[in-house]
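**Q** Below you'll find the structure I mean.
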């Protein structure tokens, strides 16, 4: 009986983990549409993995959230779609089944899909929407999809069909991470929700490992998970404008490259965005970076650029990736010891009109506790993507208990 129980335990591997995190965030200035200086957030995350068969792995993850600033929904029902403008109080973060046989791997369900090789910006990351409630500290979101991967030798082919469109979550209109143009002063803005596209977004990526370098090519057909906006005048005294989000068609061609050299590793990534939707720009977004490890230090520095081939002049957009174009990007991280680390990253506009700097110190205590202190400084001109958030410099203390 003991031998049978041992065999069953090895045959069916179950792993679970999670954490409870409390984030205390303080801002140094009020914003025109947000007088709050403190935001408290709590996150309870539970993740489990079960492998009932050697060829089958089941993965699940759940989030429970609460905050003091009404950025999170107060409706305690389990959210499966992640389409709300607020973060859901209870959410199915991930739920997927992965089947593996020979050179083939198939994953079905809600999952995280990351493409690209660079660390500073990923123009080819089309199946990775983000939560931008806090633009300076965004987080990736999962998508419901079928992902088929074939690996043989030095080549990998990745095919993705997304079952249901998942948008990125933008800043709330009545809070500090939305910076409205000055000509909208005194105008009341009504959020009229979103029009979500149908269809099945699809993409394919081929990656090849050669002798001394690696590269990949990708293609995507679907819709951009970042929105455009339509506004309509609906009232006077006060002037009232109804705003609705919609998600333009997107066809994308991309490539990335990485080569480890003697002194540093070179990485590059680019993607060309084109669309059938009117009032949508066609453009090339690219990033080139150098990475070097020196003892316990990691240094990454590079440049993000943009080439516009068809400009429509539409200003009613929210596109943070393009907001970081024409900027120098960098990151430095140092591991002090097994329990302590520091990191600094920055984005500096090439014309000097925008700056973002973030510093982080993290330390563990025992086996379960971690404390992290963060400081972000944002400066620049109001017309710059980074500069528009110049009132949002902040400091944060994060406490996490892992189990």
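Readers should treat all values here as calculations from the given coordinates under stated rules, not as data from a laboratory. Here the structure is a predicted model, which means the values were calculated and not measured. We place every Cβ from the backbone using ideal geometry, glycine too, and count neighbours over all the protein chains shown.
**Q** What spacing in nm lies between the two simple spin-label points modelled at residue 210 and residue 266, each 7 Å away from Cα in the Cβ direction?
**A** Inter-label distance under the simple model: 1.2 nm.
**Q** Among DSSP bridges having both ends in the chain, what percentage is antiparallel? Round to the nearest 5.
**A** Around 95 percent antiparallel, to the nearest 5.
**Q** Compute the long axis of helix 2-11 from its Cα atoms, compare it with the longest principal axis of the Cα atoms of the chain, and write down the angle in degrees, 0 to 90, nearest 10.
**A** 40
**Q** Given the DSSP H assignment, sum -39500 (n - 2.57) over each helix run of at least 4 residues in the chain and divide by its residue total; what's the result at 222 nm in deg cm²/dmol, nearest 500?
**A** Result for the chain, helices only: -1000 deg cm²/dmol.
**Q** For segment 257-310 and segment 221-252, compute the distance between their C-alpha centroids and round to whole Å.
**A** Between the Cα centre of segment 257-310 and that of segment 221-252, the gap is 29 Å.
**Q** In nm, what is the difference between 0.36 nm times the number of residues separating residue 397 and residue 78 and their Cα-Cα distance?
**A** 112.0 nm
**Q** Relative to a virtual label point 7 Å from the Cα of residue 241 in the Cα→beta-carbon direction, which members of segment 149-176 show backbone nitrogen distances below 20 Å?
**A** 170-176
**Q** Please give the contour-minus-distance gain from residue 157 to residue 104: 0.36 nm per residue of separation, less the Cα-Cα distance, rounded to one decimal in nm.
**A** 18.1 nm
**Q** Please tell me the relative contact order of segment 2-402 in percent, rounded to the nearest whole number, where contacts are Cα pairs under 8 Å and at least six residues apart.
**A** Normalised by residue count, the contact order of segment 2-402 is 12 percent.
**Q** Continuing with this model, one more query. Grab every C-alpha pair in segment 2-402, bin the distances at 10 angstrom width from 0 up to the longest one, and report whole percents.
**A** P(r) for segment 2-402, in whole percents per bin: 4, 18, 30, 31, 13, 3, 1, 0.
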